[in-house]
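Before any comments, here is the structure.
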Amino acid sequence: MTVGYSATIGPLCQDSTILANYNQSLVSNKSTAQNNPEYTQLEIRYFNDNDREPLLEFAGTVQADNPKDSQSRSQQLGEVLRQPGFTPETSCLILEENDSIAGYCIVFSEKLIQRAVLAVDVQTDLEASETESKLIRSGLELAKNEGAGVAHICLGSQTPRASMLEDVGFHKIRTYLHMLWNDETPPLMKIPPEYSVNIFTPQDTQKLTDIQNAAFTGSWGFCPNTTEEIEYRTNMSNTRHECIVFLEDETGVVGYCWGCLGPNEGRTRGIISMIGINPRYRGKGLSQIILAAGINKLNELALDGISLHVDSSNTPAIKLYKSIGFHELDKLYWYEYTF
Ligand SMILES: CC(C)(COP(=O)(O)OP(=O)(O)OC[C@H]1O[C@@H](n2cnc3c(N)ncnc32)[C@H](O)[C@@H]1OP(=O)(O)O)[C@@H](O)C(=O)NCCC(=O)NCCS
């Protein structure tokens, strides 16, 4: 099944901070859908706690076409809605059609870098419709009121939504590659004697936060993480502590690889969610060692391959992934709206 929007609500994709000063009057009131022969009552409104269960069920249904994947998608969204600093009541818009959920738009406000990421889903017959475009415009208003300078949405490759986004005022800004590793034999990598590979334990939360921020600060779309956020994410259902590995020398952490699990057509696929080398240690060929360690840990869980997303302009990362046996499956496109 093709998901129109890429799953931008993944736990490591974005930060969110407590949203304040939101102008309630910006969200549209009830209206009748255009081009619909039957009278349809549509409303875009804020999330309230009664929406939680129906919203999770809706997201699971539109994002997957089998019960196992649906359940996993619902669970992940539930965890995202409960993450520290995130308030769905002010950051999630519900599209309601005749009193049932027909779509949603979650606005992840990343105040430190003045951007917002929009995660949108609508029922199939509303894809790329005027109604979906209205929902996105409402999300943009919310993002603007939160002080965002830009808003981003990620689109999968097989979706009719590109021209709708362009009509709203978005333009394509980045291409990401979706890559898969499914070799029979896990990579063998010799660890030089001055380094060791160590597995994350809950006492390492600060260490993990520090290396993630050190490795990714300055990367496109990365918003530095707090220790509280990292602690929460390490305990989400898609993470196993043993799949977070550090490369260390006598001075401390040199690099890390954070593997996650995701649903894939009724099976579980590994995901290289984050991998980074401390800038002071780059260019020494260390990334292969830590990626191999991460793959080996995920591989012990007997998964249906291991996938990742990478910016097509990130040459060292793409070289690294290809050298270990990843190949391109398809592309994802990030769209930007500038306020
Ligand atoms: C991606 C990353 C982990 C790679 O680690 P690194 O220490 O920079 O790279 P390595 O020395 O291990 O080399 C990996 C490959 O990239 C090449 N490379 C390294 N730096 C390069 C550069 N500046 N330009 C072009 N190629 C480069 C190396 O030659 C090697 O390719 P080869 O095996 O064909 O010779 C590291 O750059 C990083 O942490 N980047 C920021 C976080 C990030 O982008 N993570 C990936 C997210 S998907």
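Every number in this text was worked out from the coordinates using simple rules, so none of it is lab data. The structure displayed is predicted, hence computed values, not measured ones. No Cβ is skipped: glycine too gets one built from the backbone with ideal geometry, and neighbour counts run over all protein chains shown.
For the reader, a short list of remarks on this structure follows.
- Positive dipole terminus of the chain, leading residue within GLY270, ILE44, PHE216 (C-beta point charges): PHE216
- Among THR131, THR315, THR209, the residue with the largest mean-square fluctuation in a Gaussian network model of the chain, with springs joining Cα atoms closer than 10 Å, is THR315.
- Assuming charge only on the beta carbon of Lys and Arg (+1) and of Asp and Glu (-1), the dipole of the chain about its Cα centre is about 1040 debye to the nearest 20.
- Dipole moment magnitude, nearest 20 debye, the range 199-303 about Cα centre, only Lys, Arg, Asp, Glu C-beta charged: 360 debye
- Highest-fluctuation residue, SER72, SER91, SER323 considered, GNM on the chain with Cα pairs under 10 Å: SER323
- Remark: for residue pairs LYS284/LYS319; LYS190/LYS322; LYS284/LYS322; LYS144/LYS331; LYS68/LYS134, the C-alpha separation exceeds 25 Å in LYS144/LYS331; LYS68/LYS134.
- Projecting the Cα atoms of VAL62, PRO192, ILE101 onto the charge dipole of the chain (Cβ charges, centred on the Cα centre) puts PRO192 farthest toward the positive pole.
- Once you reduce the range 47-82 and the range 294-339 to the center of their Cα atoms, the two points are 25 Å from each other.
- For the chain, the longest principal axis of the alpha carbon atoms and the long axis of helix 287-299 meet at an angle near 70°.
- With eigenvalues of the C-alpha gyration tensor scaled by 5 and rooted, the chain, Å: 36, 20, 18
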